[in-house]
Amino acid sequence: MRITSDEILHVAALARLSLSDEEVTDVSKHFETMLKYVDKLNGLDTEGVDAMSHPIDLPTALREDEVTTSRSESHIRKIMDNAPNTRQDFFRVPKIVE
Amino acid sequence: MSLHTLTINEAQTKLRLGEISAVELVNAVLTRIDATNPYLGSYLSTNHDQALDQAMEVDKVIREGGDLEALSGIPVALKDVILVEGMQATAGSKILQEFIAPYDATVTERLKRSGAIIIGKLNCDEFAMGSSNENSAYGVCRNPWDTERVAGGSSGGSAVSVAADQACASLGTDTGGSIRLPAAFCGIVGLKPTYGRVSRFGVIAYASSLDQVGPCTKTVRDSAILLTAIAGHDTRDSTSVNRPSPDYTQFIDRGVDGLRVGVPREYFVDGLQEDVKRAINRAILQLKGFGAEIVDISMPHTEYAIATYYVIATAEASSNLARYDGVRYGYRAKDVKDIATMYLETRANGFGDEVKRRIMLGTFVLSAGYYDAYYLKAQKVRALVRGDFEEAFKTCDFMLAPVSPTTAFRIGERIDDPLTMYLSDVYTTAVNLAGLPALSVPCGFDQQNLPIGLQLIGQPFQEETIFRAGYTFERNNDYYESRPPL
């Protein structure tokens, strides 16, 4: 199936990816090949088949809603050390709301 | 004695007998890494000083007659998607170039608790997406049997470090074949455990319903030793199964007499390299000779496995990789005018081409208007693929198959043709879709002296059965003694 350039740019926006013209062409070709390959799934009769989201049938693991001690200061430091831009223990980013 | 060539089992014995010291063992491995890593590209970082310190601690315990843990003094390396506190974790990507893990993955904790010495972090395809280790932002990982050829992926570094004796053992991850394929290409033993057998806490996620951490080792016994150390329930991974985890070495030498081996006829069609077919057929005859009953089975949905995998895995990946936004960690694009541009450029600059392709495909199949036709459909076909295995396991105890249609291909040969690259996974992806355990064991060499892997696929949580079969096969051949010509 043919996916238009506009559709590719729409998907890129959803994925928060900016693509160059070359990349749009590359992705377009890739989609064409892959979707043609994936379209063979449509030939299969899956009437009455339950969608399988997981290999094991596990109930959702729940725990008691209890307050536990938060991580140590040194652990917080390790996390903040990885941050590109911080102020105190906040992550700084360009202004979001005008 | 070349200490770097020792298996875990051999090293355990020699350490306890005082024949070798932990410092000698670790030094031998570090020396080997220094000598071979420049052209193999398997290690991304090493833990040199800490490793030697830990080795000295182990030697002190031995001298004082104290108790050793199962893996005390054993040098183990980890794929760079597995977190080791204080060490880098790049996932083979630029977007995590300077990221230092703030905590240990559960598997790391368990290895440390067993006394293992973490020797370094290993190269892999970016975010575990690839079949050749050509998609790493940190260079290609080369096959030690022929350095013009790929190591296999995505856990290329994990397989190479073991094949080249740059570690006693390593951990990799397998989502669509990423442990088994490089294990086969490099001539070592690789295990993908049952989904839920090993905790994924602290492992950088690619596809959450498919990923599993597993051992890469020189022998089947070593694989069982390592699985025993890392397996088991973890409350921090809600997909880990609360089921007792045994000593997997206990019944490893029970043989295969009376076991029924299923051979899926759809796995033996066109495209299978002649040498590979011959090696697998020879293995089947051998197992028959050891008392196994060979059963012909059919897996009618085999041809749909790759398509199903690439819809589901890319969809899950598009969700898992949404967190790489430059806000809290990793690379952030500079001089951006607003937050939207920050996201777009961070991800555009930080991700490699294959990762972007898969995020795009994954986002597409989940998007409004296409979700039912692609993602939902694939989930239903996934149920059919699992159904094939359930049906087949009514008549056999485990299955035997190739790991890959070919032996290691040349670097650069398939990189421009993603679909051909994806087809390397034809025998491995169905196993991940069904969540089953599978073991790759060396079973021969092709005419160019490249290793061939035999795949043993087990029923859920029946790793013991495939270990038994793998061990029997391994000990009745001598492939485990072969070493690449380095």
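The values are calculated or read from the model by the stated rules, or taken from the named source; none is laboratory data. What you see is a predicted model, and the numbers here were worked out from it, not measured in a lab. When we count neighbours, we look across all protein chains shown, and the Cβ atoms used for this are built from the backbone with ideal geometry, even at glycine. The protein model used for the area step is the full one, side chains on, heavy atoms only, and it has no ligands, DNA or RNA in it. Shrake-Rupley method; radii C 1.70, N 1.55, O 1.52, S 1.80 Å.
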query = What ranking, highest mean first, results for peptides B:287-299, B:168-180, B:93-105, B:28-40 when packing means the other Cβ atoms within 10 Å averaged over each residue?
reply = B:168-180, B:93-105, B:28-40, B:287-299
note = Losing no less than 40 Å² of accessible area (probe 1.4 Å) relative to the isolated chain, the residues of segment A:71-94 are A:78, A:82, A:84, A:91, A:93, A:94
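Quantify how strongly other chains surround peptide B:31-44 by giving the mean number of their Cβ atoms within 10 Å of each of its Cβ atoms.
Numbers: counts 0, 0, 0, 0, 0, 0, 0, 0, 0, 0, 0, 0, 0, 0.
The per-residue average across the peptide is 0.
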task = Report, as an integer, the average count of C-beta atoms from other chains found within 10 Å of each Cβ along B:432-439.
result = 1
inquiry  = Just to be sure I understand the interface: list residues from segment B:235-250 that lose 20 Å² or more of accessible area between the chain on its own and the complete protein assembly, 1.4 Å probe.
reply    = B:238, B:239, B:241
task = Determine the share of chain B's accessible area contributed by carbon and sulfur atoms, expressed in whole percent, with a 1.4 angstrom probe.
result = 46 percent
ask   = What residues of segment B:380-401 lose no less than 10 Å² of accessible area with every protein chain in place versus their chain by itself (probe 1.4 Å, heavy atoms only)?
value = B:380, B:381, B:382, B:383, B:384, B:386
request  = Would you grab the residues whose amide H sits under 5 Å from the one on residue B:293? Only those 5+ places off in sequence or on another chain, please, with H modelled 1.01 Å from N.
outcome  = B:258, B:259, B:260, B:261
query = What ranking do B:146-152, A:61-67 get when scored by the average of other Cβ atoms within 10 Å per residue, highest first?
reply = B:146-152, A:61-67
message = If you take the accessible area of A alone plus B alone and subtract the pair, what total do you get in square angstrom, rounded to 100, with a 1.4 Å probe?
response = 5200 Å²
query = Ignoring any ligand, DNA or RNA, what whole percent of the accessible area of segment A:11-98 comes from carbon and sulfur when the probe is 1.4 angstrom?
reply = 48 percent
message = Under the rule a/c < 1.5 gives rounded, and otherwise a/b versus b/c splits prolate from oblate, where does the protein assembly as shown land using the Cα gyration tensor?
response = oblate
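Roughly how many Å² is the accessible area per residue of chain A, as a whole number, for a 1.4 Å probe? Before the final figure, lay out each step's value.
Details: 7310 Å² over 98 residues.
Solvent-accessible surface per residue comes out at 75 Å².
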ask   = Using alpha carbon coordinates only, what is the Rg to Rh ratio of segment B:377-486, with Rh defined as the Kirkwood radius?
value = 1.02
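At 222 nm, what value in deg cm²/dmol follows for chain B if DSSP H runs of at least 4 each add -39500 (n - 2.57) and the sum is divided by all its residues, to the nearest 500? Display every interim value, and only then the final one.
Working: 15 runs with 176 residues, N = 486.
After summing the helix terms and dividing by residue count, I get -11000 deg cm²/dmol.
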ask   = Taking every DSSP beta bridge that has both residues in segment B:27-132, what percent is antiparallel when rounded to the nearest 5?
value = 45 percent
task = Using a 10 Å cut-off on Cβ atoms, rank the peptides B:56-68, B:461-473 from the highest mean neighbour count down.
result = B:461-473, B:56-68
query = For segment B:4-75, what class follows from the C-alpha gyration tensor (a ≥ b ≥ c being the square roots of its eigenvalues): rounded when a/c is under 1.5, otherwise prolate if a/b is larger than b/c, else oblate?
reply = prolate
ask   = Shielding of B:367-377 by partners, i.e. mean partner chain Cβ atoms within 10 Å per residue?
value = 3
Probe 1.4 Å, accessible area per residue of chain B, Å² = 33 Å²
